[in-house]
1. Based on DSSP loop calls and a cut-off of at most 11 other Cβ atoms within 10 Å, the longest stretch of the chain free of exposed trypsin sites (Lys or Arg not before Pro) is what?
2. So for the range 271-373, what are the equivalent ellipsoid semi-axes in whole Å, largest first, each being the square root of 5 times an eigenvalue of the Cα gyration tensor?
3. Would you pull out the residues with amide H under 5 Å of Leu75's amide H, same chain only if 5 or more places away, H placed 1.01 Å from N?
4. Which aspartates and glutamates, on any chain, are close to Lys144 with Cα under 20 Å apart, when same-chain ones fewer than 8 places away are left out?
5. To the nearest 20 debye, what charge dipole does the range 1-155 have about its Cα centre, counting +1 at the Cβ of each Lys and Arg and -1 at the Cβ of each Asp and Glu?
6. Nearest 10 degrees is fine. How inclined is helix 246-255 to the longest principal axis of the chain, computing both from alpha carbons?
7. Taking θ as phi - 60°, what are the ³J(HN,Hα) couplings along the range 12-26 by the Karplus curve (6.51, -1.76, 1.60), each to the nearest whole Hz, with x for Gly and Pro?
8. Can you list the HN-Hα couplings for the range 373-387, worked out from phi with the Karplus curve (6.51, -1.76, 1.60; θ = phi - 60°), rounded to whole Hz and with x for Gly and Pro?
Amino acid sequence: MMFGKLYWEKVALRAQSIEDLRQAASRYLPRVMFDFYDGGAEDECTLRGNREAFTRLRLRPRVLVNVEKVSTTQLIFGAPAGMPVAIAPTGGGGYGRRTTDVALAKAAAHFGLPYTLSTSATASIERIAREAPGRHWFQAYILKDRELLNRLIDRARDADYEALMITVDLPVGGKRERDLRNGFRTPFRMGWKIALDGMRHPRWTLGVALRGFPSPENLLELDRSMNTVNGAMTSVGKSYDPSFDWDRLKEIRDKWPRRLIVKGVVRGDDAAELVKMGCDAIVVSNHGGRQLDGGIATMDALPDVLGGVAGRIPVFVDGGVRRGVDVLKACAAGASGVLVGRATLYGALAAGEPGAMRSLSILKDELDRSMRLCGMRDLSTVNGDLLATVSEHFGAGGHRARSLDSAVNFT
Ligand SMILES: Cc1cc2nc3c(=O)[nH]c(=O)nc-3n(C[C@H](O)[C@H](O)[C@H](O)COP(=O)(O)O)c2cc1C
């Protein structure tokens, strides 16, 4: 046991970047699993676009500022977080490594960050509350079974979850061709290709052989077939409610007494409507490029959403965050913070809890370093003035970005 922990700590510490953790995850997992986490929909244009939008943004560092002491701390919903980051909901993490959800929640708590538990995670609402005390948000997909959804929401309330996150960009599942090609489909069949792949990744395969796949603990009552990975994927997918609309969201708003976050918004008009109906925060997201391929990159969508919100509620952005400097860029562009999906998932998959911790410590160290290099002592002074991007959305020299200053609302 002790030896195992030391081994995974060593794997984690060897990584110098999120990309190193991604590579480590790809060595640990068979391709069929790695591609499920890493891949995007169809031609993966939106997946790449998210990353490219961050790369296009450049910073104009301020010099001759005393940056001996800097703080990456940020208020999220009025409470301090170690950095303006929350863990995005990622379903199915336990199929790659059993401990993924708890590992991510523990790492988030260590860094003082909110952790979002996905409806289709392999740890239950109660287990996360018990085993990884900290700030928890619960992400709900809209299921056709209203009673079940209501029960999940009640359970999150009873377990003291701080916020409910409703994901709205998935009325139907995206077409992830890597999964289709690899045979990650239903019904899951252990064909020769997958068996061979498993032999090349004996640590993962041995774990599954000894303990099987974990279940999506929140959804056990949905379908008996949930105790198999493919059963889980099919049943969850088939259970989404494509008729979900504003009226139903309003019902959820009325039912949930705490913060309500809506995730998957890329338009200013939708954002303005969400503010009107009493939503407490928005996540600009395209689901990490996993659903609609051809959707706008999230950093490109951010200005429009900020315009619609006009500083009334916090706006987070996710998709493509792989460096601490990306967090700084998002804040400079007017976001209240970012959500990270794959960045921390790679760490947890590659090396369990030490890997999840490593991904957050890499991001935090890079954010701290980028702030010092930009002459920024704390995040309250970060705004569009720092952006040097020349893009159609922000305008040359950050002029458009400067006008977004009023939208920087960190609480
Ligand atoms: C493997 C995987 C599973 C995901 N599962 C969910 C989910 O259950 N609910 C949800 O709202 N978003 C889900 N997402 C999307 C993430 O919450 C987030 O929007 C996305 O990962 C951000 O992009 P990034 O991975 O580049 O950071 C998932 C993403 C991945 C990679």
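The values are calculated or read from the model by the stated rules, or taken from the named source; none is laboratory data. The shown structure was predicted, so the numbers you read here are calculated from the model rather than taken from an experiment. A quick note on method: Cβ atoms are made from the backbone with ideal geometry, for glycine too, and the neighbour counts reach across all protein chains shown. The protein model used for the area step is the full one, side chains on, heavy atoms only, and it has no ligands, DNA or RNA in it. Shrake-Rupley method; radii C 1.70, N 1.55, O 1.52, S 1.80 Å.
1. On the way: sites that count: Lys69, Arg189, Arg200.
The segment 201-411 is the longest one with no such site.
2. Working: eigenvalues 134, 54, 30 Å².
Semi-axes from the Cα gyration tensor: 26, 17, 12 Å.
3. Ala81
4. Cα-Cα hits under 20 Å: Asp154, Asp169, Glu217, Glu221, Asp223, Asp241, Asp245, Asp247, Glu251, Asp254.
5. Working: 23 positive and 16 negative charges, 86 e Å.
About 420 debye.
6. Here the helix axis deviates by roughly 90 degrees.
7. In residue order, the calculated couplings are 5, 5, 5, 6, 9, 8, 5, 4, 4, 5, 4, 5, 5, 5, 6 Hz.
8. My calculation for the range 373-387 gives 5, 9, x, 10, 7, 8, 6, 5, 8, 7, 8, x, 4, 7, 8 Hz in order.
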